[in-house]
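Below is one structure; the comments refer to it alone.
The values are calculated or read from the model by the stated rules, or taken from the named source; none is laboratory data. Predicted, not measured: the structure shown is a model, and the values here were computed from it. Reconstructed Cβ throughout: ideal geometry from the backbone, glycine too, with neighbour counts over all protein chains shown. Note: accessible area is taken over every heavy atom of the protein model, side chains too, but ligands, DNA and RNA are not part of it. Shrake-Rupley method; radii C 1.70, N 1.55, O 1.52, S 1.80 Å.
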Amino acid sequence: MNIQNVTVCGSGVLGGQIAYQTAFHGFNVVLYDLKQELLEKAKEKFHQLGEVYKEDLNATQQDVDNAIARISYSASVTESVKDADLVIEAIPENIQIKKNFYTHLAQVAPAKTIFCTNSSTLLPSMFAQETGRPERFLALHFANQIWKNNTAEIMGHPGTDQAIFNTIMNFAMAIGMIALPLQKEQPGYILNSLQIPFLLAGMDLYSKGVADPYTIDKTWMIVSKSPMGPFATLDLIGFETVYNIAMLAADAGNEQMRTGASLLKEKFIDKGKLGVSTGEGFYKYPNPAYENPGFIK
Ligand code: NAD
């Protein structure tokens with residue numbers, strides 16, 4: 001199937017990036033959100049993103065002007081999807097919000113339209129029924145800062161048509177992603193299935209008092225040759241998300257994680273230190289200590 005018209009639903013952190021990246025690679029994009037003022041905000045963000053693309057990807061002014069010209073905006077689901085070959089859903093990570101959204105979308109989207117969810121933690125099989133077209137529904141999961149963290153994890157549910165899966169693999173490559181197919185449903189896809197236990201292991205060492213964050217990061221960086229250890233990564237992700245993940249692990253039986261989560265809350269979150277976004281977490285930004293070549297010497 002030939003994809004030309006893409007509707008991105010949700011103009012927040014990820015939706016905005018997906019819309020821009022898709023338009024940058026030559027597709028027609030309609031961006032949908034609940035209210036016109038949210039779309040106006042996204043529009044402003046696109047001008048800033050243009051500067052980032054010029055800096056990081058050597059994009060020309062013409063490239064970024066063309067990208068912006070290919071994006072249109074709508075606060076009506078019906079209007080936004082009327083010509084869509086593909087809808088990419090990036091609305092809040094909430095089961096009921098997504099179920100309601102798909103129930104509505106199923107009624108107003110053309111029969112040809114493929115639906116993809118960018119959900120980070122929810123599985124496509126949770127919404128397959130509501131889409132009214134389970135064979136044309138799957139997950140296409142991007143990472144934050146999509147233009148440089150260009151993974152696209154592609155994951156169907158048991159009812160996804162293989163031909164549709166392949167179409168989305170090709171689409172992901174066409175918008176500059178490395179397409180990474182998953183053969184079955186997995187909470188957390190590949191990346192988070194690897195990364196979350198790793199980050200929690202770092203928190204575990206710290207909260208038990210085994211070693212301080214810098215020592216833990218150094219150990220990892222020296223041997224793995226990675227530019228960041230678990231604590232620098234936690235800073236980047238942001239502590240509200242990290243706290244929620246640690247509490248989920250605690251509720252699932254990992255009691256040490258409750259200690260880790262409380263430590264994070266008392267020492268950082270309650271003091272307004274949320275990581276890179278607030279200029280301080282385990283490290284101070286800009287120019288965090290781990291970027292100093294002497295850090296691992
Ligand atoms: P966000 O809160 O920044 O944006 C969500 C947007 O959806 C808002 O602008 C909201 O107004 C809009 N929206 C559209 N329809 C809505 C409806 N019916 N009800 C409520 N809001 C509606 O969220 P985000 O961080 O962009 O995340 C969106 C999705 O992408 C989630 O499923 C999340 O798991 C996933 N995701 C996020 C990240 C990340 O780093 N933020 C990374 C990968 C995947």
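Tell me, please, whether a residue that is farther than 25 Å from Thr121 by Cα, open to solvent by less than 50 Å² (accessible area, probe 1.4 Å) and at pLDDT 95 or above can be found in the range 233-255.
To start, the set of residues in the range 233-255 that are farther than 25 Å from Thr121 by Cα comprises none.
No - not one qualifying residue is present in the range 233-255.
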Being within 16 Å of the ligand (Cβ to nearest atom) and within 27 Å of Gln96 (Cβ to Cβ) is the filter here; which residues of the range 158-188 pass it? Ile168, Leu182, Glu185, Gln186, Pro187, Gly188
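Can you confirm whether Gly202 is over 24 Å from Asn149 (Cβ atoms), outside the structural domain of Asn144 (by TED's automatic domain parsing) and either open to solvent by less than 50 Å² (accessible area, probe 1.4 Å) or not in a helix (DSSP H, G or I) (or both)?
Against the criterion (over 24 Å from Asn149 (Cβ atoms), outside the structural domain of Asn144 (by TED's automatic domain parsing) and either open to solvent by less than 50 Å² (accessible area, probe 1.4 Å) or not in a helix (DSSP H, G or I) (or both)), Gly202 does not qualify.
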With the first residue restricted to the range 87-102 and required to be at pLDDT below 95, and the second required to be within 8 Å of the ligand (Cβ to nearest atom), Cβ contacts under 7 Å at 6 or more apart or on different chains are Glu93/Ser119; Glu93/Ser120; Glu93/Thr121; Glu93/Leu122; Ile95/Leu122
Scanning the range 220-258 residue by residue, the ones that are touching a strand residue (DSSP E or B) at 6+ places or on another chain (Cβ under 6 Å) and not in a helix (DSSP H, G or I) total 1
Pull up the range 122-155, narrow it to residues that are touching a Lys or Arg at 6+ places or on another chain (Cβ under 8 Å) and in a loop (DSSP other than H, G, I, E, B), then point me to the one that is farthest from Gln96 (Cα to Cα). Leu122
Which residue, of Leu105, Leu49, Leu122, is within 16 Å of the ligand (Cβ to nearest atom) and closer than 13 Å to Val8 by Cβ? Leu105
Do we have any residue at all in the range 261-284 that's within 25 Å of the chain's Cα centre (by Cα), open to solvent by 70 Å² or more (accessible area, probe 1.4 Å) and farther than 24 Å from Asn94 by Cβ? yes
How many residues does the range 125-166 hold that are more than 21 Å from the chain's Cα centre (by Cα) and open to solvent by less than 30 Å² (accessible area, probe 1.4 Å)? 4
